[in-house]
């Protein structure tokens, strides 16, 4: 299976199952498009007719291009078959090892954002803070169920985790105390709304947090539309100076600013560029996921605008990079050469299997998006996963469990998408959230185009340095 | 100019043999 598209002056052909990416000219693009459904004579006739005014497109040129296409097909880099369905079955039998936990250290928040999937941090339940004892047991559970895996991840999440900051620090200290003797390495992430960020938080996070996620939606009026405190005041003016200080202090360490866009700001690149111009260089912006009748829900009419926005973003990022002022965007951060193996691409985020969420009371859920839904409680940090049927359901929840994905060219980039989004949109974790699929495919086209652009620019620079007079 | 330029990518089929350690980030 292949996928062909043109974007920003590039003609691109993806071979879905091998992962191969080809940048081609117009003739090759058309030949590849006809290759599987036409005879050689039909292709030659069609190309000679289409390019009759082109002196460089001759019968011999077309034959040569056809030979190149056939060579790539034989090398398994074009029109390759899908050999992974069987691997997916093997992978479903994988062990029950856990490698990542989302620790809900606070089911409480000092902001009152109306679009919050977590119901202002309470997850439809009572306010609560995780005790050190529950968190310690969660870390012991993770170490005890991680098998031979060395790298373990813990996200401090909420609500607002800084409302329980002392417990966060104590849990980090405990993890550092035990990781050596168990041959483990903990990588911590902190997600915060910024209200309680101060110098002490910055210093500790820079010492211990592998990544920091800072919640900002963009322009002041966009941010303050939803991200307000309990008296209704916007939080933009309060958090921006703190986050800027935090981001600068991170240096080379990972952080990213994460916003949410809604129907009210489909021109979301304006928000990203606003953040970039403030000085934030590592950005992410997620489409809101909510009930279709919610006023902030994205609509079908928004889609063409959003597609254009993603293209604008990709082109602007390339421009800024050429000017030596690069910014990153989470969804465009793909690594074609050293990217994930096929097992990762089949299994995705690992929710419900190798990735679990822990509530302040120690209950286990498939991920943070399922917390608060009693039907998805899987066990607790003392007894482990007791609902093994649910774990098995999530083990089978991969791209090959979704018939809708069978004909999708992006299936090995998204692994079938987010189980929680599918559950909320289609009523089943093995369903699909079609609106999200459309946005995802557009983002991948843009991300791959950027990789092609950078590759060609590098090749051109190398050629010029080898032959400076050319 | 070559009409088809293949970008360097990880071979997914080979990664079925060399991959699967589970040490990557989630």
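Restricting attention to the range A:247-283, the residues that are within 19 Å of residue A:440 (Cα to Cα) and in contact (Cβ under 8 Å) with a residue 60 or more places away in the chain add up to 3. Considering chain B, the residues that are closer than 19 Å to residue A:22 by Cα and part of a helix (DSSP H, G or I) include one that is nearest to the other protein chains (Cβ to nearest Cβ), namely B:12. With respect to the conditions (1) farther than 29 Å from residue A:150 by Cβ; (2) buried (at least 22 other Cβ atoms within 10 Å of the Cβ), residue A:371 lacks only one, and its number is (1). With the condition kept exactly as written, say whether any residue in the range A:208-221 is in contact (Cβ under 8 Å) with a residue 24 or more places away in the chain, under 20 Å from residue A:151 (Cβ atoms) and part of a helix (DSSP H, G or I). Yes, the range A:208-221 contains at least one residue that is in contact (Cβ under 8 Å) with a residue 24 or more places away in the chain, under 20 Å from residue A:151 (Cβ atoms) and part of a helix (DSSP H, G or I).
Just one of the listed residues (A:456, A:451) is over 18 Å from the mean Cα position of the chain (by Cα), in contact (Cβ under 8 Å) with a residue 60 or more places away in the chain, assigned to a helix (DSSP H, G or I) and over 25 Å from residue A:152 (Cβ atoms), and it is A:456.
Scanning the range A:20-33 for residues that are more than 7 Å from chain B (Cβ to nearest Cβ) and crowded, with 17+ Cβ neighbours inside 10 Å returns A:29, A:30, A:31, A:32. Inside the range A:431-448, can you point out the residues that are more than 14 Å from chain B (Cβ to nearest Cβ), in a helix (DSSP H, G or I) and either farther than 19 Å from residue A:328 by Cβ or in contact with a helix residue (DSSP H, G or I) (Cβ under 7 Å, 6 or more places away or on another chain) (or both)? Listed by number, the residues that qualify are A:434, A:435, A:436, A:437, A:438, A:439, A:440, A:441, A:442, A:443, A:446.
In the condition set (1) touching a residue at least 40 places away in the same chain (Cβ under 8 Å); (2) within 14 Å of chain B (Cβ to nearest Cβ); (3) under 18 Å from the mean Cα position of the chain (by Cα), residue A:353 is compliant with all but (3). Taking each residue of the range A:170-189 that is at positive phi and looking for partners that are surrounded by fewer than 16 Cβ atoms within 10 Å (Cβ to Cβ) with beta-carbon atoms closer than 8 Å, six or more apart or interchain, yields A:183/A:150.
Scanning the range A:134-156 for residues that are away from chain B (no Cβ under 14 Å) and either out of contact with any strand residue (DSSP E or B) (no Cβ under 8 Å at 6 or more places or on another chain) or at pLDDT below 95 (or both) yields A:136, A:137, A:140, A:144. Any residue that is surrounded by fewer than 21 Cβ atoms within 10 Å (Cβ to Cβ), out of contact with any helix residue (DSSP H, G or I) (no Cβ under 8 Å at 6 or more places or on another chain) and without any contact (Cβ under 8 Å) to a residue 24 or more places away in the chain - is there at least one of those in the range A:415-430? Yes, there is a match, as at least one residue in the range A:415-430 is surrounded by fewer than 21 Cβ atoms within 10 Å (Cβ to Cβ), out of contact with any helix residue (DSSP H, G or I) (no Cβ under 8 Å at 6 or more places or on another chain) and without any contact (Cβ under 8 Å) to a residue 24 or more places away in the chain. All conditions in (1) in a loop (DSSP other than H, G, I, E, B); (2) farther than 28 Å from residue A:269 by Cα hold for residue A:194, with the sole exception of (2). On the stretch given as the range A:122-140, residues that are surrounded by fewer than 24 Cβ atoms within 10 Å (Cβ to Cβ) and part of a loop (DSSP other than H, G, I, E, B) total 6. Looking across the range A:313-329, the residues that are under 17 Å from residue A:274 (Cβ atoms) and either touching a strand residue (DSSP E or B) at 6+ places or on another chain (Cβ under 9 Å) or surrounded by 17 or more Cβ atoms within 10 Å (Cβ to Cβ) (or both) come down to A:313, A:317, A:327, A:328, A:329. Here residue A:291 meets the list (1) surrounded by 14 or more Cβ atoms within 10 Å (Cβ to Cβ); (2) free of Cβ contacts under 8 Å to residues at least 60 places away in the same chain almost entirely, failing just condition (1). Against the numbered list (1) under 30 Å from residue A:407 (Cα atoms); (2) away from every other protein chain (no Cβ under 11 Å), residue A:75 comes up short only at (2). As a summary of the residue check, residue A:319 satisfies the conditions (1) free of Cβ contacts under 8 Å to residues at least 40 places away in the same chain; (2) within 30 Å of residue A:187 (Cα to Cα); (3) away from chain B (no Cβ under 14 Å) except for the one numbered (2).
The values are calculated or read from the model by the stated rules, or taken from the named source; none is laboratory data. Since we're looking at a predicted model, the values are computed, not measured. Using ideal geometry, Cβ is built from the backbone for each residue, glycine included, and neighbour counts are taken over all protein chains shown.
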